[in-house]
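Peer 1: Can you read through this structure? Questions will come right after.
The values are calculated or read from the model by the stated rules, or taken from the named source; none is laboratory data. Worth saying up front: this structure is predicted, and the values here are computed from it rather than measured. With ideal geometry, Cβ positions are generated from the backbone for all residues, glycine too; neighbour counts draw on all protein chains shown.
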Amino acid sequence: MKSFFKIIAAFLVMSAFISCENFLDMSPDENLTLDDVFRNRIYTRDFLTNVYSYCPYQADMAMDNNFTGASDEMEIAYGAHYTHSMCNGAWGPSDDTYIWNDLYKGIRTANIFIENVDKCTAADATEIRRWKGEAYFLRAFYHFLIFRCYGPIPIIDHAIDINEDMYSIVRAPADDVVKFIVADCDRAAELLVDMDSWPTTDTGRATRIAALALKSRALLYIASPLYNGNSLFADLKDPVTGENLISQIYNPEKWKVAADAAKACIDAAEAAGYGLYDLDLATDPVKNYQNIFNVNWNKEVIWGRNNGAADHWLNCSDPTSFGCYAIFDPTQEIVDAYEMEDGSTPITGYTDNGLNPIINTASGYVESGFSTDSREGRWTVGVSNMYTHREPRFYASINFAGAIWKTSRASNWTSPHVNEFWYTGIDGKNNAGSDYCKTGYLMKKLVYPNHVPWTPAPNQVWIYFRLGEIYLNYAEALNEYSGPVADVYHYVNAIRRRAALPGLQSGLDKNSMRERIKHERRIELAFETHRWFDVRRWMDGETQGQPIHSMNIWGGTYQQDPDFYKRITVEDRVFESPKHYFFPIQQTEIDKNAKHLLVQNLGWTTSTTGDQDSSNE
């Protein structure tokens, strides 16, 4: 059976679109046909499992997930990582990424399944219904993942036959892509059930609420400025019809549709028993937020991926003194963005190209001196004052100099470890090899605090959708359509209340509320693969073309050495508009289309002669 699916996978590598029925019909003994597979219940179920296999492994930001490190949230310290090309403008159409190729393969396997699953008379009608719903959901999910990177994309709604004219495949308008995704989500929602009615062994399979969550996100995207009345992309057109691929007419009703979809998801989820994770709020709001990601399949998780015992991404999050890589390094920008514990804003802007912060003195935030008090689970005596009295999500998300993290390798993992990111510290540049912390910070969020490096890793779930995101989707869409009405405040404040923060001030206007929601998404959803896409759909891409900063990892010989606590520039990043709002379509894909109908995204230089050019003209 494994060999059969290896044959399918090997074939799919040949093309994202073309099929070859004779090849697919072959099996190790030359007798197993595609019809035979779908007459067998176990084979049919396993084929569906193979459709799931294309869900991206976004937990590992050092490998499959380029988006976190390419945003202003993080610097990936591994020098050869593709995010550096994305950040300095050196990426282009000659690059090969999994997004287009692998996800269209996933779409093809989903289409094959949808077109054949009814042949499985060995399965009962309830099982067939559920399986088909899962396949519709996955087809929608894979289309969305490609759409969020490339914008208008080809819609593939069936398994393309070898006799079809694949060279006429064109990019559909963005509105049509989202309509297709939404239609598949609606089909899936009608066919699927809720998580609480599944056996526990089935966690990770699509549910009705997952379909509603995907619908919410897709509709939020298409209502956003990048896709809704965006004149910057007026020249991105269908080469035959001349139709705009991105709407040039602003339609406020898109925000209402997005708001309605998000509210429908919230209502259905809460009726099914979902809710914000708040089990630890009364005793420890830091742990309350941290455990959203460390307590698998808690009531906030709508859908995710079981990562199994994968440990590479965990090792990328731990200090070099643990024998780890220390390459998931939050930027000074994200550190500065966290509020104080009373909800006040510590830093309101910068001068000198980001090197000098404009401090809100009323917040109590200071960057000089060191603490004389402590708060268990947050900070200890002697840490820099810039890390004291910050909001709980800061302590759940950021490992900083002087913080206690896990236990010390030097003590055989029995005594608390204190992070020493200054130059001569045990975790500092002077004591590291080629891998070292480049910013003076490590990502703490998403990482099990009790896992001992280089021991078997526990299974951890990467969350694709959680209820907290849907709350913010609803608040954003509703504010854009109706202004800051009561429900906008209610759902933003619910997120803040879970983080032990005060509610937003009353009397905000629409623009002020928009900025508050943007801020809340930046903090609440940090490192969850939202920031790269959020700033683009908001048309705030230029914010990503700024230098990013860190503490001075080249200085400091002890924890309270002021030389370490100076801001330095880590990387000068590049953002070219309109070019960097979307990924470039690979030149090889354009070359496959003999009629040259697969048009490139604006700003990317390609040819129609087979020559590959990734220049940034």
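Peer 1: Return a yes/no flag: does segment 181-188 have any residue that is touching a residue at least 60 places away in the same chain (Cβ under 8 Å) and either outside the structural domain of Ala261 (by TED's automatic domain parsing) or farther than 27 Å from Asn479 by Cα (or both).
Peer 2: no
Peer 1: Would you check if there is a residue in segment 536-543 being closer than 30 Å to Ile404 by Cα and in contact with a His (Cβ under 8 Å, 6 or more places away or on another chain)?
Peer 2: The first filter runs over segment 536-543 and keeps only residues closer than 30 Å to Ile404 by Cα, leaving none.
Within segment 536-543, not a single residue is closer than 30 Å to Ile404 by Cα and in contact with a His (Cβ under 8 Å, 6 or more places away or on another chain).
Peer 1: Oh, and also: Would it be correct to say that Asp95 is farther than 27 Å from Ile209 by Cβ and acidic (Asp, Glu)?
Peer 2: On the way: farther than 27 Å from Ile209 by Cβ: yes; acidic (Asp, Glu): yes.
Against the criterion (farther than 27 Å from Ile209 by Cβ and acidic (Asp, Glu)), Asp95 qualifies.
Peer 1: Among all residue pairs at least 6 apart or on different chains, which show Cβ distances below 6 Å where the first residue, located in segment 87-103, is in contact (Cβ under 8 Å) with a residue 60 or more places away in the chain and the second is surrounded by fewer than 18 Cβ atoms within 10 Å (Cβ to Cβ) and of a type in the set (A, V, I, L, M, F, W, C)?
Peer 2: Listed by first residue and then by second, the contacts come to Asn88/Val574; Gly89/Val574.
Peer 1: Kindly state which strands (runs of 3 or more DSSP E) lie completely within segment 296-371 and contain at least 3 residues that are buried (at least 18 other Cβ atoms within 10 Å of the Cβ).
Peer 2: Numbers: elements: 301-306, 328-330, 347-351, 356-359.
Passing ranges, in order: 301-306, 328-330.
Peer 1: On to the next question. With the condition kept exactly as written, say whether any residue in segment 384-394 is modelled with pLDDT under 95 and part of a loop (DSSP other than H, G, I, E, B).
Peer 2: no
Peer 1: Does Ile222 satisfy being of a type in the set (A, V, I, L, M, F, W, C), surrounded by 15 or more Cβ atoms within 10 Å (Cβ to Cβ) and out of contact with any Pro (no Cβ under 8 Å at 6 or more places or on another chain)?
Peer 2: When the stated conditions are applied, Ile222 passes them.
Peer 1: Report whether or not Phe322 is in contact with a Lys or Arg (Cβ under 6 Å, 6 or more places away or on another chain) and either under 30 Å from Ser408 (Cβ atoms) or at pLDDT 95 or above (or both). Give the steps one after another, and end with the answer.
Peer 2: Details: in contact with a Lys or Arg (Cβ under 6 Å, 6 or more places away or on another chain): yes; either under 30 Å from Ser408 (Cβ atoms) or at pLDDT 95 or above (or both): yes.
It is true that Phe322 is in contact with a Lys or Arg (Cβ under 6 Å, 6 or more places away or on another chain) and either under 30 Å from Ser408 (Cβ atoms) or at pLDDT 95 or above (or both).
Peer 1: If you take the residues of segment 139-181 that are small (Gly, Ala, Ser) and under 25 Å from Trp538 (Cβ atoms), which of them is surrounded by the fewest Cβ atoms within 10 Å (Cβ to Cβ)?
Peer 2: Looking at the filtered set, the residue picked out is Ala172.
Peer 1: Tally the residues that are within 21 Å of Asp194 (Cβ to Cβ) and in a helix (DSSP H, G or I), restricting the search to segment 105-143.
Peer 2: Final tally of qualifying residues: 17.
Peer 1: Specify which of the listed residues (Asp278, Asp260) is assigned to a loop (DSSP other than H, G, I, E, B) and either among the β-branched types (Val, Ile, Thr) or at negative phi (or both).
Peer 2: On the way: Asp260 fails: assigned to a loop (DSSP other than H, G, I, E, B).
It is Asp278.
Peer 1: If a residue counts only when it is at pLDDT 50 or above and under 30 Å from Gln332 (Cα atoms), which helices (runs of 4 or more DSSP H) contained entirely in segment 1-93 have at least 1 such residues? Before you say what the answer is, go through the steps one by one.
Peer 2: Working: elements: 2-14, 21-24, 34-39, 41-52, 82-88.
Per the criteria, 82-88.
Peer 1: Can you name the condition, by its number, that Asp102 falls short on among (1) among the acidic types (Asp, Glu); (2) touching a strand residue (DSSP E or B) at 6+ places or on another chain (Cβ under 7 Å); (3) assigned to a helix (DSSP H, G or I)?
Peer 2: Every condition holds for Asp102 apart from (2).
Peer 1: With respect to Tyr464, determine if the residue is of a type in the set (Phe, Trp, Tyr) and either free of Cβ contacts under 8 Å to residues at least 24 places away in the same chain or part of a loop (DSSP other than H, G, I, E, B) (or both).
Peer 2: On the way: of a type in the set (Phe, Trp, Tyr): yes; either free of Cβ contacts under 8 Å to residues at least 24 places away in the same chain or part of a loop (DSSP other than H, G, I, E, B) (or both): no.
It is false that Tyr464 is of a type in the set (Phe, Trp, Tyr) and either free of Cβ contacts under 8 Å to residues at least 24 places away in the same chain or part of a loop (DSSP other than H, G, I, E, B) (or both).
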